[in-house]
Structure formats: structure tokens, C-alpha cells
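Please read the structure below before turning to the comments.
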Amino acid sequence: MTRRSIPLSVLALGIAIALPLVAQSPQPPAAQTDKTAVPEPGSEPARPSGKVLFSRDDAASGSDKPTAPNYDDKLTVSDAERSSLTFTAYDLDVHLTPAVAGISVRAGLTVRNDGTTPLPRLILQVSSSLSWDAVSTRLAASPGTVTSLRFAVHLVDTDADHTGRMQEAAITLPQPLAPGESITVTALYSGAIPVSTDRLTRIGAPTDQALSTDWDAITPSDPSATPLAGNVALRGFGNVLWYPVASPPLFLGDAAKLFEAVGNAKLRESTATIRLHVAVEYTGDAPDAAYFCGRREQLIAISDNPNMPAAESPGIATATFAPRAIGFRTPNLFITENAASDTGTPANPGLIAAITASGQYESLPAYAAASALVEPLLTDWLGPQPDTALTVLDHAGQPFEDDALLVRPMRAELAATLAPSLAHSLTHAWVHSSHPWIEEGLAQFISLLWTERSAGREAALAELQDADRSLALAEPENPDLATTSASSNSMPSPAVSSSSNPSAAQTPFVRSAGDSLIAATGDVFYRTKAAAVWWMLRGIVGDEALKQALQDYRQDSKLDRDPAGFEHTVEKTSHKDLRWFFNDWVYRDRGLPDLRIENVTPSQIDTRNGATAGWLVAIVVHNDGYAEAEVPVTVRSAEASQTMRLRIPGRSSASTRVVFAGTPTEVDVNDGGVPETQSSTHTRQLVLPGK
């Protein structure tokens, strides 16, 4: 099938670059000739190997045709080379042809050598279904001259892409790139991104489960297929390598290395800038909008032949996303065919913008009803109006979320069933933060608040404790011995780091086991632990002070740029010094507390006129862990209870005394709201003197 020609006027408006393969059908890369074995679970991944599929040496003018494949040029690429590069800027011009799953890209890339030795070549990868076409740079000595760079390519097995392989290019530089130095190159690549389940089916996953997980693809519109609200759905590193990356081979069977690598890349490159211009070819009705990294831009459509019937008229639709910092995400792109339907509430009519396939509207009432249920909670805690609408894109497969974009199957279901997850997602419509522990942890916390409001406090605590079990496994037993790239016991002041070096404020250190929340790369920290931190903070300062702090924080963007901004905000609203808490739970990873009731001493208070005045109960609690914690201490009887809060430093004991009017029967320490290394509830039955 050959692609129709596009008039120059349309191309000029659609994509203002000359992509080498725009006028021909995307071609799949050459077949792999030397496949790297997939490691068994728990084993070290095999060193990637492969025969060179082709080598290109374009002339400086860029006009020479590529040379024939060179199968004798063997590549020897080390993981150190792959891991040395950090992307600091992306400038992407993307041309999509959904009818043939086609994509052609001109990628301007600025990379920095963060390794310890000079790099004579750059090692970059894209999906195995794509082909590298050309790479060039502008030399500092003659900035006006474009110099083509030699490169060789081979296929390498990896689970960082849904095909189970990546097309790796070794690009020879004019001179070695010294540590700390950067270079900007322009790479052209093209091909197709169809649905692929190869990486999962090769390790034994059933095809239907693999399809549900690996749904990334560029697909033609097909009304007979499962209804989808868009035909371009590309998530990014760890799912599909539709943009260049620099990564060692990673495998799902090799512990959690794939997920750790994705998290580290998101954190390391969160300050990189990214720009996108996208052009989409279509026939008939033009697609509606593009969503890139959670942002929406309306597609501007130009018909190729406006005199043809609408159903047959070809055209091109374009959108441009201005440069901005990527943030803690992998770049993702969605193209939607239909306009959004408003499913908001009377108070917030633009609360949810739902995008469904044509005629698939039966799920919309459930989303409208669920948003009406959770809206009072959100307005109470976060303020009366969201910053943006939550866009829900109806798409088969496992859900995906980026900022205020939620991609998930939309079904007609009970509003009460939908409400907990919608409370989480709608939080992103109210609060936008550059800090993952705020962005994701707060959304998880609001979901817990919804559980508390709808099912009771005990249900919320049970949900929190269930999540904390995975956190206890991830935390280091002794944080002072955990491997870090900086001291375990010291950290630059967040405020100083923010002003002197923005990237340092984002990544003060990264642990191999255990992360501070401001340097967290795994969701067990920036979601699970962060939700517990919000819950604990609520217990320490109270609901009203925390609500006011959240609403003040939303209104001042300068607070978000300072990693200590929220600490200062909540200290102001609560009139409490919270440095101890943020030091042990946010700025450092001190592990988890490990509490035990060391001693309980009940003493009867002197009687007056023959009446019992009550009991004085002295409680001593020891913390065998390293993180300081403030927990509720409750004295109970069959009829009543009384609670006080007790702060216990790490590796220390603390005591409190409770005057109890009745006859106490037990003492409880921690109610499950503070995560611990073991049990997060402690009970001691009382034996009263003289009883």
C-alpha cells in the first residue's frame, strides 16, 4: 500500500520539516540475526549481543543515500556507555499515519555525559519496530554547518519496549564527549508501531492478559473492533520506545530492575525540557485533539481536497506543544478522534471531560454520579474549584494516568464503586505539583479520606495498613547502612538546594533500597509511603490546619518550586515546628519506626468522700526503629476511652501519663495510622493493683 501525496501547502502547515520517509510507506527494520537470550527470573541478564544490521556514513550535506547493511561490523556496547547519558532537552517533530500504523520523527536531542570517562560515541535506542535513518550535529567550530554522523545499528533484547527488543544505534562523535559536557544531535527515524505482545507472551503470559497490559500502538480506526476513543496511544519508556532513550537492557524477570530504571530516569530527567509538534494524517473526519504529557492541544485540521465527499477527503491535523519541563513522567502521546462530553456537576460543570468512542455513551451517567459523590470532599479539602477538568479517555486495557489525564475502560457501573478511584484522579485536577510525593501521595490520601467518609475510619485504616505491608518490605532495616550516593545522615537544606541548583533539589540522593520522598523513584514510596505521611501529618496538625495549608499551597506557585515549601506552609497554618517530621519522613529516609509498649503502670487516684477519683495510667513506649514518630496512645474501658499523642524519637523511649475517670482495662499504642516495620497496632491488657 503506498501513501498518497500531501500538497506542499498542507505539509508546510502540518509539519515544517522534511522527513525522509513521509512520502513512502514505513518499512519495518531488518530481521534480527543474533537474538540475545532472555534471562531466567533471578539471574543476571545476558550481555546483549547481535550482528550489525546496517551501518550508515552520510555525507555532511546529508544528501547521500545510506550505505548497504554491513554485517561484519560487530558492536561491543557496554552498559556503562548506555547509562552515562542524561537527556536535558527533547525537540520532537512527529508525523503519524494511523492507516498504516506509521510514524516518522525528527528528534532534536541534547544529552549530557554524566559518566566518569569521555564518550567517543552515543548509544541511543528506539523500539525494534522502528529504523534509524540519519543522525547529524552542528560542530562548535562551525555552528552553521550540519555534519552527518556515522552510526551502526543492531537489535538488542529488552523488556523496556513492548516488542521485547530495541533498535540500538552506536553513533560515532567527531570528538569524545567529556564528563559533564553536552551535545545536541538531530536524529531521524521512522517505521510502524502496531500492537505487540511479544515481551509478555515470550515469558508465558496469556495473550489476552498481554493485550490488556501492552496496548500501546498506532492503529487505524475500526468501528468493528473494541470501541476505542483514539487510535494513537503511546506511553513511553518501559512500555514503548517511541522516542529515543539511553538504557541498558532490562528484563521483567530480573527482580524490579526495569521499574527501578524507569523511576530513576523519570527523576533524573524531570527538569529536561520537551517540545512536540505532531501532524496526523487522516481520511474523512479529522481527529479532535492531542494529549501530550497530560496536556491537551486542539488539532487544527486542513483537508487535502475539500471538494471531495467528507467521508473520503484526506487531510492532515496538527498541534504544537510549547517547551516545558517534562516533570516526573515518561513522555506519552494520545490522539483522540471525538470531542469530550462534559460530565461535571452543577457546582463544577467542567469537572470531567469524558472521551468515548462514537455512540458509546452509556458510561457517562456513572461518572457524573460518582463525581457528584466525591466533589464535596474535594472542595472541602482542596478548595471550591479545580485548576483543570479531569479528562477520562475510554481505552481498553489496564488504566494509565498522567496529571489530569486518565486512560481507562469506561463502563456503566455503580457510582459508589467508581468513587474511590475517581477521588484519586480528580485530586490531580485540583492540585498540580512538581514533587511526586505531593502529586501522587496526596491523591492516594484523598482516596483514603473518601473511604473514611463512606465506610468509616476503621475501613480507611485497614486500607492504609494493607498498603503499608509492601512499604515495610521495601524500607532498609538500618537506614544508616543503606547505599546512597550521598551521606545517609545528611542532606542539603531543601530551600538552599532549590535556589542554588534546581536539579540538586530534585535529586539529593537515590537509594538502592529505600528512598527519601523528595528523591523517590518507586511508587511504593511516592504513593504508598507518601499517603501514610499525609495521614500522619493530618493527625499531628489536625484537619483544619492541613486543609488551609493545602489551599494556600495551591494558590502560590513559588511554594511548589521549593522542596520545603509545603513544610513552611503547614507550619504557618498549624503554628507547629514540623522540621523533625519532615527530616525523618520526607527529606531523609530513616526507615520506619518499630514501637513496643515497654511498661504500663496504673495508679489509683486518691478518693474523696469515699468516691473513686479515677486512675493515673503511666505508659512508656520504646522505638527500636530509626524514624521519629508521633502516635495516638489510648486508654480504654468498657464504657469510654481517652487518647493522647506521644512522640517517640528513633532508638529511644518516651512516656506519657493519662488521667482516666473510669476503670481502665487496656492501653492501645498506634491505631494503624503510622506505618511500622512490623505491626502498627499495640495493645496491653491492664492488671489493676488490688483487683
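The values are calculated or read from the model by the stated rules, or taken from the named source; none is laboratory data. Model, not experiment: these values are computed from the prediction. Positions of Cβ are generated from backbone atoms using ideal geometry, with glycine treated the same way; all protein chains shown enter the neighbour counts. Ligands, DNA and RNA are excluded from the accessible area calculation, which covers all protein heavy atoms including side chains. Shrake-Rupley method; radii C 1.70, N 1.55, O 1.52, S 1.80 Å.
Mind checking which pairs have a first residue in region 180-199 that is farther than 14 Å from residue 234 by Cα and part of a loop (DSSP other than H, G, I, E, B) and a second that is aliphatic (A, V, I, L, M) and open to solvent by less than 10 Å² (accessible area, probe 1.4 Å), Cβ under 9 Å, 6 or more apart or different chains?
197/210
Within region 350-462, considering only helices (runs of 4 or more DSSP H) that don't extend past its boundaries, which have at least 2 residues that are open to solvent by 10 Å² or more (accessible area, probe 1.4 Å), touching a Phe, Trp or Tyr at 6+ places or on another chain (Cβ under 6 Å) and closer than 19 Å to residue 230 by Cβ? Please lay out each step first, then the result.
Working: elements: 364-382, 415-430, 436-455.
Output list is empty.
For the subset of region 135-147 comprising residues that are among the aliphatic types (A, V, I, L, M) and part of a strand (DSSP E or B), which member is surrounded by the most Cβ atoms within 10 Å (Cβ to Cβ)?
Our first condition is that a residue be among the aliphatic types (A, V, I, L, M); within region 135-147, this holds for 135, 139-141, 146.
Restricting the remaining residues to those that are part of a strand (DSSP E or B) gives 135, 146.
Numbers: 135: 25, 146: 14.
The qualifying residue surrounded by the most Cβ atoms within 10 Å (Cβ to Cβ) is 135.
For region 287-312, which positions are outside any loop (DSSP other than H, G, I, E, B) and modelled with pLDDT under 95? I'd like the intermediate steps shown before the answer.
Keep residues of region 287-312 that are outside any loop (DSSP other than H, G, I, E, B), which gives 289-292, 295-298, 300-303.
301, 302, 303 - these are the residues of region 287-312 that are outside any loop (DSSP other than H, G, I, E, B) and modelled with pLDDT under 95.
Sort out which residues of region 81-107 are of a type outside the set (D, E, K, R) and outside any strand (DSSP E or B), and write them in order of number. Talk me through it step by step, then tell me what you get.
Residues of region 81-107 of a type outside the set (D, E, K, R): 83-90, 92, 94-105, 107.
Residues satisfying the conditions are 83, 84, 98, 99, 100, 101.
Name the residue that is farthest from the chain's Cα centre (by Cα), counting only residues in region 540-580 that are in a helix (DSSP H, G or I) and among the basic types (Lys, Arg). Please lay out each step first, then the result.
Within region 540-580, the subset in a helix (DSSP H, G or I) is 540-541, 543-555, 557-561, 565-574, 579-580.
Then keep just the ones that are among the basic types (Lys, Arg); that gives 547, 554, 558, 561, 572, 579.
Numbers: 547: 25, 554: 20, 558: 22, 561: 19, 572: 30, 579: 27 Å.
Selected residue: 572.
Just give me the residues in region 251-276 being crowded, with 18+ Cβ neighbours inside 10 Å, touching a Lys or Arg at 6+ places or on another chain (Cβ under 9 Å) and within 22 Å of residue 92 (Cβ to Cβ), in sequence order.
266, 270, 274
Which residue out of 615, 585 is open to solvent by less than 10 Å² (accessible area, probe 1.4 Å), in contact with a Leu (Cβ under 9 Å, 6 or more places away or on another chain) and under 24 Å from residue 521 (Cα atoms)?
On the way: 615 fails: under 24 Å from residue 521 (Cα atoms).
When all the criteria are applied, what remains is 585.
Would you please list the contacts, defined by Cβ atoms under 8 Å and residues six or more apart or on different chains, that run from a residue in region 583-607 that is under 19 Å from residue 562 (Cα atoms) to a residue that is open to solvent by less than 20 Å² (accessible area, probe 1.4 Å) and of a type in the set (Val, Ile, Thr)?
Final answer for the pair search is 585/533; 586/518; 586/533; 587/518.
Give me the pairs, please: first residue somewhere in region 648-667 and closer than 24 Å to residue 581 by Cβ and touching a residue at least 24 places away in the same chain (Cβ under 8 Å), second residue anywhere and aromatic (Phe, Trp, Tyr) and buried (at least 18 other Cβ atoms within 10 Å of the Cβ), beta-carbon distance under 8 Å, and either six or more positions apart or on two chains.
Partner pairs satisfying both residue conditions: 650/626; 651/626.
Would you please list the contacts, defined by Cβ atoms under 7 Å and residues six or more apart or on different chains, that run from a residue in region 117-134 that is crowded, with 19+ Cβ neighbours inside 10 Å to a residue that is of a type in the set (Lys, Arg) and assigned to a strand (DSSP E or B)?
What qualifies is 128/165.
In region 670-686, what residues are surrounded by 15 or more Cβ atoms within 10 Å (Cβ to Cβ), of a type outside the set (Gly, Ala, Ser) and farther than 21 Å from residue 618 by Cβ?
Initially, region 670-686 is screened for residues surrounded by 15 or more Cβ atoms within 10 Å (Cβ to Cβ), giving 670-677, 680-682, 684, 686.
Still in the list and also of a type outside the set (Gly, Ala, Ser): 670-671, 674-677, 681-682, 684, 686.
Passing the criteria: 674, 675, 676, 677.
For residue 582, state whether it is of a type in the set (Phe, Trp, Tyr) and within 18 Å of residue 539 (Cβ to Cβ). Let's see the steps before the verdict.
Numbers: of a type in the set (Phe, Trp, Tyr): yes; within 18 Å of residue 539 (Cβ to Cβ): yes.
Answer is yes for this residue.
Please go through (1) under 19 Å from the mean Cα position of the chain (by Cα); (2) open to solvent by less than 20 Å² (accessible area, probe 1.4 Å); (3) more than 23 Å from residue 85 (Cα to Cα) for residue 245 and return the number of the only condition it doesn't satisfy.
Only one criterion in (1) under 19 Å from the mean Cα position of the chain (by Cα); (2) open to solvent by less than 20 Å² (accessible area, probe 1.4 Å); (3) more than 23 Å from residue 85 (Cα to Cα) is unmet by residue 245, namely (3).
Only one of (1) of a type in the set (Val, Ile, Thr); (2) in contact with a strand residue (DSSP E or B) (Cβ under 8 Å, 6 or more places away or on another chain); (3) open to solvent by 50 Å² or more (accessible area, probe 1.4 Å) fails for residue 620. Which number is that?
(3)
So which residues in region 242-286 are within 23 Å of residue 132 (Cα to Cα), assigned to a loop (DSSP other than H, G, I, E, B) and in contact with a Leu (Cβ under 8 Å, 6 or more places away or on another chain)?
Of everything in region 242-286, those that are within 23 Å of residue 132 (Cα to Cα), assigned to a loop (DSSP other than H, G, I, E, B) and in contact with a Leu (Cβ under 8 Å, 6 or more places away or on another chain) turn out to be 242, 243, 244, 246, 250.
Is it true that residue 659 is under 19 Å from residue 601 (Cα atoms), in contact with a strand residue (DSSP E or B) (Cβ under 6 Å, 6 or more places away or on another chain) and open to solvent by less than 20 Å² (accessible area, probe 1.4 Å)?
Numbers: under 19 Å from residue 601 (Cα atoms): yes; in contact with a strand residue (DSSP E or B) (Cβ under 6 Å, 6 or more places away or on another chain): yes; open to solvent by less than 20 Å² (accessible area, probe 1.4 Å): no.
Considered against the rule, which asks whether it is under 19 Å from residue 601 (Cα atoms), in contact with a strand residue (DSSP E or B) (Cβ under 6 Å, 6 or more places away or on another chain) and open to solvent by less than 20 Å² (accessible area, probe 1.4 Å), residue 659 comes out as no.
For residue 529, state whether it is surrounded by 22 or more Cβ atoms within 10 Å (Cβ to Cβ), basic (Lys, Arg) and at pLDDT 95 or above.
Values: surrounded by 22 or more Cβ atoms within 10 Å (Cβ to Cβ): yes; basic (Lys, Arg): yes; at pLDDT 95 or above: yes.
Yes.
Take the residues in region 148-165 that are charged (D, E, K, R) and assigned to a strand (DSSP E or B), then tell me which one is least open to solvent (accessible area, probe 1.4 Å).
If we filter region 148-165 for residues that are charged (D, E, K, R), which is where we start, we get 150, 157, 159, 161, 165.
Now restrict to residues that are assigned to a strand (DSSP E or B): 157, 165.
Values: 157: 0, 165: 67 Å².
Ranking the candidates gives 157 first.
Restricted to region 81-96, and to residues that are buried (at least 19 other Cβ atoms within 10 Å of the Cβ) and among the charged types (D, E, K, R), which residue is modelled with the highest pLDDT?
Ranking the candidates gives 93 first.
Mind checking whether some residue in region 123-139 is modelled with pLDDT under 95 and of a type outside the set (S, T, N, Q)?
Keep residues of region 123-139 that are modelled with pLDDT under 95, which gives 138-139.
Next cut, of a type outside the set (S, T, N, Q) only: 138-139.
There is at least one residue in region 123-139 that is modelled with pLDDT under 95 and of a type outside the set (S, T, N, Q).
Under 8 Å between Cβ atoms, which residue pairs at least 6 apart in sequence (or on different chains) link something in region 409-425 that is within 21 Å of residue 357 (Cβ to Cβ) with a partner that is among the aromatic types (Phe, Trp, Tyr) and modelled with pLDDT of 90 or more?
Close Cβ pairs satisfying both conditions: 410/367; 418/367; 422/367.
Considering only region 289-301, I want to know if a residue exists there that is surrounded by 16 or more Cβ atoms within 10 Å (Cβ to Cβ) and in contact with a helix residue (DSSP H, G or I) (Cβ under 7 Å, 6 or more places away or on another chain).
no
Have a look at 334, 321 and point out the one that is out of contact with any helix residue (DSSP H, G or I) (no Cβ under 7 Å at 6 or more places or on another chain), among the hydrophobic types (A, V, I, L, M, F, W, C), under 19 Å from residue 429 (Cα atoms) and in a strand (DSSP E or B).
Values: 321 fails: under 19 Å from residue 429 (Cα atoms).
Selected residue: 334, the only one of 334, 321 that is out of contact with any helix residue (DSSP H, G or I) (no Cβ under 7 Å at 6 or more places or on another chain), among the hydrophobic types (A, V, I, L, M, F, W, C), under 19 Å from residue 429 (Cα atoms) and in a strand (DSSP E or B).
Which residue out of 170, 192, 187, 152 is more than 24 Å from the chain's Cα centre (by Cα), small (Gly, Ala, Ser) and more than 19 Å from residue 82 (Cα to Cα)? Before the answer, list the steps.
Numbers: 170 fails: more than 19 Å from residue 82 (Cα to Cα); 187 fails: more than 19 Å from residue 82 (Cα to Cα); 152 fails: more than 19 Å from residue 82 (Cα to Cα).
Matching residue, one of 170, 192, 187, 152: 192.
When the residues of region 324-338 are narrowed to those that are open to solvent by 10 Å² or more (accessible area, probe 1.4 Å) and either over 26 Å from the mean Cα position of the chain (by Cα) or within 15 Å of residue 243 (Cβ to Cβ) (or both), which ends up modelled with the lowest pLDDT?
Within region 324-338, the subset open to solvent by 10 Å² or more (accessible area, probe 1.4 Å) is 324-325, 327-330, 337-338.
If we keep only those that are either over 26 Å from the mean Cα position of the chain (by Cα) or within 15 Å of residue 243 (Cβ to Cβ) (or both) as well, we get 329-330, 338.
Numbers: 329: 96, 330: 97, 338: 90.
Only one residue fits best here, namely 338.
Here are the criteria: (1) closer than 24 Å to residue 468 by Cα; (2) of a type in the set (Ser, Thr, Tyr); (3) buried (at least 18 other Cβ atoms within 10 Å of the Cβ). Tell me which single one residue 574 does not satisfy.
Residue 574 satisfies all of (1) closer than 24 Å to residue 468 by Cα; (2) of a type in the set (Ser, Thr, Tyr); (3) buried (at least 18 other Cβ atoms within 10 Å of the Cβ) except (1).
Hey, any hits in region 552-560 for a residue that's of a type in the set (Ser, Thr, Tyr), farther than 19 Å from residue 670 by Cβ, open to solvent by 10 Å² or more (accessible area, probe 1.4 Å) and at pLDDT 95 or above? Walk me through how you get there before you give the answer.
Pass one, region 552-560, residues of a type in the set (Ser, Thr, Tyr): 553, 557.
Pick out the ones that are also farther than 19 Å from residue 670 by Cβ and you get 553, 557.
The next check asks that each one be open to solvent by 10 Å² or more (accessible area, probe 1.4 Å); those that pass are 553, 557.
Checking the rest, the ones that are also at pLDDT 95 or above come to 553.
Yes; the residues of region 552-560 include at least one that is of a type in the set (Ser, Thr, Tyr), farther than 19 Å from residue 670 by Cβ, open to solvent by 10 Å² or more (accessible area, probe 1.4 Å) and at pLDDT 95 or above.
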